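A.B. asks: One structure is given below, represented as structure tokens, and several questions about it will come after.
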Amino acid sequence: MATPEAAAAAAGSNPYGLLAALEQGGTIAWSVFIILVIMSAGSWYIMLTKLLEQQKIINQGNRARATFWGAPTLNDGANKLEKNSAYRQLVDDGLRAQSEHTKLTDPIDQHDWLLSSLGRSQAAINSKLGTGLAFLATVGSTSPFVGLFGTVIGIYRALIKIGAAGQASIDAVAGPVGEALIMTALGLAVAVPAVIGYNWLARRNKFIAEQLSAFATDIHGYMVSNGAVKPSALTQRGATPAKPAAAKA
């Protein structure tokens, strides 16, 4: 009578593949596999959505630097920015802080008031950008151990088969050992993209935060100087000063 492994091989399936390992592992193997699938799906969803969100803010910054400072007033410049954008939020919060400063019963210096208001606005934007990264860090650090748990169970089942058979034959331990190695591989396959994605997104968040901080500094300087101070990037470079007219004899 043919063994189950021989029958599976005769049917053209792999007796040591993923499905076979899950069937042999039972409830624990399926539980580990489902947990890793959920971790992987959540990681890829966060990486894709955060990438789109970051790129949107980067594009907003490029448009803001190209059009905002050419407006005659901050209100006119704000109207050129996209509604609900990060850069529009900074401008709106700065204008709101400027209008609220005169309403304080115990006024503080306008410089400090605007600086703290713009700082709170930046912190809120950076906090929103950082959502989801904790999940990636958690997946990157825990998924190898989830896979290792499946590995330990597979090795344990292999040892039980060896003890029951009285000898360490290949056909007795190939299935459980294969299951153990598959679980290890799955844990690493989930962890590596999560770690890479976390580091990449965190680096892009740092770049965006630096751009927002520079823009907020320019807004602050413009407000406290009544429009006299603008970003140095707007000054004409390479222009030579006009020569004075020659005195007539």
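All of the numbers you see were taken from the coordinates with simple rules; none came from a lab. Source: prediction; values computed, not measured. Every residue, glycine among them, receives a Cβ derived from its backbone with ideal geometry; neighbour counts consider all protein chains shown.
A.B. asks: For I38 and V192 in one chain, what is 0.36 nm times their gap in residues minus the Cα-Cα distance, to one decimal in nm? Spell out each step's value before the answer.
C.D. replies: Details: separation 154, 0.36 × 154 = 55.44 nm, distance 1.51 nm.
Computed gain between I38 and V192 is 53.9 nm.
A.B. asks: Filter the cross-link list K80/K103; K83/K103; K83/K128; K103/K230; K128/K230; K80/K230 down to pairs whose alpha-carbon distance in this structure exceeds 23 Å. The partial results should precede the final answer.
C.D. replies: Details: K80/K103 28 Å; K83/K103 26 Å; K83/K128 17 Å; K103/K230 27 Å; K128/K230 28 Å; K80/K230 17 Å.
Listed pairs above 23 Å: K80/K103; K83/K103; K103/K230; K128/K230.
A.B. asks: Using a simple spin-label model with points 7 Å from Cα along the Cα→Cβ vector, what separation in nm is obtained for L52 and A185?
C.D. replies: 3.2
A.B. asks: Here is a further query. So between A66 and N199, what do we pick up on full extension, going 0.36 nm a residue minus the alpha carbon distance?
C.D. replies: Values: separation 133, 0.36 × 133 = 47.88 nm, distance 2.97 nm.
Contour length minus the Cα-Cα distance gives 44.9 nm.
A.B. asks: How large is ³J(HN,Hα), in whole Hz, for each residue of region 192-208 in order, when computed from phi with the Karplus curve 6.51 cos²θ - 1.76 cosθ + 1.60 and θ = phi - 60°, using x for Gly and Pro?
C.D. replies: 4, x, 5, 5, 4, x, 4, 5, 5, 5, 5, 5, 5, 4, 5, 5, 5
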